[in-house]
1. Mind checking which residues of the stretch 4-21 are open to solvent by 80 Å² or more (accessible area, probe 1.4 Å) and either part of a loop (DSSP other than H, G, I, E, B) or not β-branched (Val, Ile, Thr) (or both)?
2. Looking at this structure, is Met123 buried (at least 16 other Cβ atoms within 10 Å of the Cβ), touching a residue at least 12 places away in the same chain (Cβ under 8 Å) and over 25 Å from Arg7 (Cα atoms)?
3. Condition first: more than 26 Å from Asp165 (Cα to Cα) and among the hydroxyl-bearing types (Ser, Thr, Tyr). Can you find one or more residues in the stretch 105-114 that meet it?
4. Looking only at the stretch 134-157, which residues are open to solvent by 50 Å² or more (accessible area, probe 1.4 Å) and within 20 Å of the chain's Cα centre (by Cα)?
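The values are calculated or read from the model by the stated rules, or taken from the named source; none is laboratory data. This is a predicted model, so every value here is computed, not measured. We place every Cβ from the backbone using ideal geometry, glycine too, and count neighbours over all the protein chains shown. All accessible areas refer to the heavy atoms of the entire protein, side chains included, with ligands and DNA or RNA removed. Shrake-Rupley method; radii C 1.70, N 1.55, O 1.52, S 1.80 Å.
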Amino acid sequence: MTIRDIRMFGDPVLTTRSDEITEFDDALRALVDDMLETMDHAGGVGLAANQIGLTRRIFVYDCSHTEDGLRGHIINPVWEAIGEQTQTGQEGCLSIPDISMDTERFETVRVSGRDVDGHPVAMVASGLMSRCIQHETDHLDGVLFLKRLSPELRKEAMATIRTSDWFNS
């Protein structure tokens, strides 16, 4: 397993839509392992492939510290909201350090996709896992959570980014 470099805000790969995965092989299995190790090393609860420079439709997640206790990966995810209830909570991103803002997401979603062996997977998720699914799938669509913020919060986040050491180095 290898810890990969995480791409930072401003890298064009983060605003590029990822391609569907069609080959389920040992290289994909190694990618899942690397992504989980990279996410753990960075202290995240989710990581999309484009965050490590690969435009492939896969993300890993770890909500094992919550009551759901879920950890794993989803390949070629597709989600839909269940109901119209939303949640607003602090959201951050490994590609945008030191920014955490109230972000509105659907409370409950149904996601489907594939596992590393190509088998269908599906789940209904609420709370943090629902937020993670929406956030990471946004990444795979080339959308950063900053786009989901109110105009006021986006302006505040951008001001912080522009003066941050990681952005200006």
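1. Residues of the stretch 4-21 open to solvent by 80 Å² or more (accessible area, probe 1.4 Å): 5, 7, 12, 15, 17, 19-20.
Within the stretch 4-21, Asp5, Arg7, Pro12, Arg17, Asp19, Glu20 meet the criteria.
2. Numbers: buried (at least 16 other Cβ atoms within 10 Å of the Cβ): yes; touching a residue at least 12 places away in the same chain (Cβ under 8 Å): yes; over 25 Å from Arg7 (Cα atoms): yes.
Yes.
3. To start, the set of residues in the stretch 105-114 that are more than 26 Å from Asp165 (Cα to Cα) comprises 105-114.
With among the hydroxyl-bearing types (Ser, Thr, Tyr) added as a condition, the list becomes 108, 112.
Scanning the stretch 105-114, I find at least one residue that is more than 26 Å from Asp165 (Cα to Cα) and among the hydroxyl-bearing types (Ser, Thr, Tyr), so the answer is yes.
4. The initial filter retains those residues of the stretch 134-157 that are open to solvent by 50 Å² or more (accessible area, probe 1.4 Å), namely 141, 147-148, 151-152, 154-156.
Selection gives Asp141, Lys147, Arg148, Arg154.
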